[in-house]
1. Given LEU91, LEU95, which one is under 21 Å from ASP144 (Cα atoms) and without any contact (Cβ under 8 Å) to a residue 12 or more places away in the chain?
2. Give the residues of the range 88-146 that are closer than 30 Å to ALA171 by Cα and among the basic types (Lys, Arg), sorted by residue number.
3. Kindly indicate the residue of the range 25-40 that is open to solvent by 80 Å² or more (accessible area, probe 1.4 Å) and in a loop (DSSP other than H, G, I, E, B) and also modelled with the lowest pLDDT among those meeting that condition.
4. Output the residue which, of all residues in the range 41-91 that are in a helix (DSSP H, G or I), open to solvent by less than 50 Å² (accessible area, probe 1.4 Å) and of a type in the set (Val, Ile, Thr), is nearest to SER116 (Cα to Cα).
5. When residues of the range 140-166 are filtered for being in a strand (DSSP E or B) and under 20 Å from VAL119 (Cβ atoms), how many remain?
6. For the range 142-165, which positions are more than 17 Å from the chain's Cα centre (by Cα) and buried (at least 20 other Cβ atoms within 10 Å of the Cβ)?
7. Looking only at the range 37-71, count every residue that is touching a Gly at 6+ places or on another chain (Cβ under 9 Å) and of a type in the set (Gly, Ala, Ser) and tell me the total.
8. Restricting attention to the range 92-139, and to residues there that are acidic (Asp, Glu) and part of a loop (DSSP other than H, G, I, E, B), which single residue is surrounded by the fewest Cβ atoms within 10 Å (Cβ to Cβ)?
Amino acid sequence: MGDIDQLPSVGPGQILFDMFGLGAVPVARLTGVFRQAAQSRIITSAQRINQGQTPDFAKHEGETDFYFVAADEPEQAVERIITLVKSRIPLRFGLDAIRDIQVLCPMNRGGVGARSLNVALQAALNPSGDNKIERSGSTFTPGDKVMQIENVYDKEVYNGDIGYVESPDLAEGELAVSFDGRLITYMFGELDTLVPLYAATIHKRASLLIRHSRLFDGVTHCYNVMRLPIFCINRGAQKSGIGMPRRGHFCHDTALHHAAA
């Protein structure tokens, strides 16, 4: 039992999808949306994308769990992302901007890629003062949300684990990070296994269910893989949103139908 519409694993590839396509085993697919789920625009939008259709981007009155934000240029998108994450979403829904909201991107590179957005969001949400550490191109300051990107068995922290920076000890050359209440100490030379997690690629957060997820796709990030927006929308446990350029609708629609075909 599994979901062939999820992102394929990096190494082995799309084993389940290929098995279904070959017809080598009996297959039954669950395609119905039941009454309770049908009230969720997260569910109905993901289903529309999976069927090669454009989601309903119209503005809905009242409460909804799926939002669309248009931005014509990457610079405008970054400004709107910061405003949404820093003030509008936390004030509207009573959320913590760092702990409860996750920005997801299709790619690392580009003006609205994960690398650039991490720098911009970190500066807006948790600006660093004098008590900071700079290593491997990243800045770590108390309160930062970070992610482990390698398995480190002696510390019992693993690829994908999320922590929060407690405090650096400049005299000892150490940084303390809290993972689910466990305080893990890193020597400054070990910080290449940590990255800021204000923004992340969809692939990197494949196993995470997030209270509120936001997918931002810039002009250079035309959807050419149908499963990326499906996967991001489904990461939002309570709310989900997509941001993209208005003129990207045609690219988005064409790519979805091409992928579905």
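1. Exactly one residue qualifies, and that residue is LEU91.
2. ARG99, ARG115, LYS132, ARG135, LYS145
3. Only one residue tops the list, namely PHE34.
4. This residue is VAL78.
5. Going through the range 140-166 one residue at a time, the tally reaches 9.
6. Listed by number, the residues that qualify are VAL157, VAL165.
7. Residues flagged as touching a Gly at 6+ places or on another chain (Cβ under 9 Å) and of a type in the set (Gly, Ala, Ser) within the range 37-71 amount to 2.
8. The selected residue is ASP130.
The values are calculated or read from the model by the stated rules, or taken from the named source; none is laboratory data. Keep in mind it's a predicted model, so treat the numbers as computed, not measured. Virtual Cβ from ideal backbone geometry, glycine too; neighbours counted across all protein chains shown. What goes into the accessible areas is simple: the full protein's heavy atoms, side chains included, and nothing from ligands, DNA or RNA. Shrake-Rupley method; radii C 1.70, N 1.55, O 1.52, S 1.80 Å.
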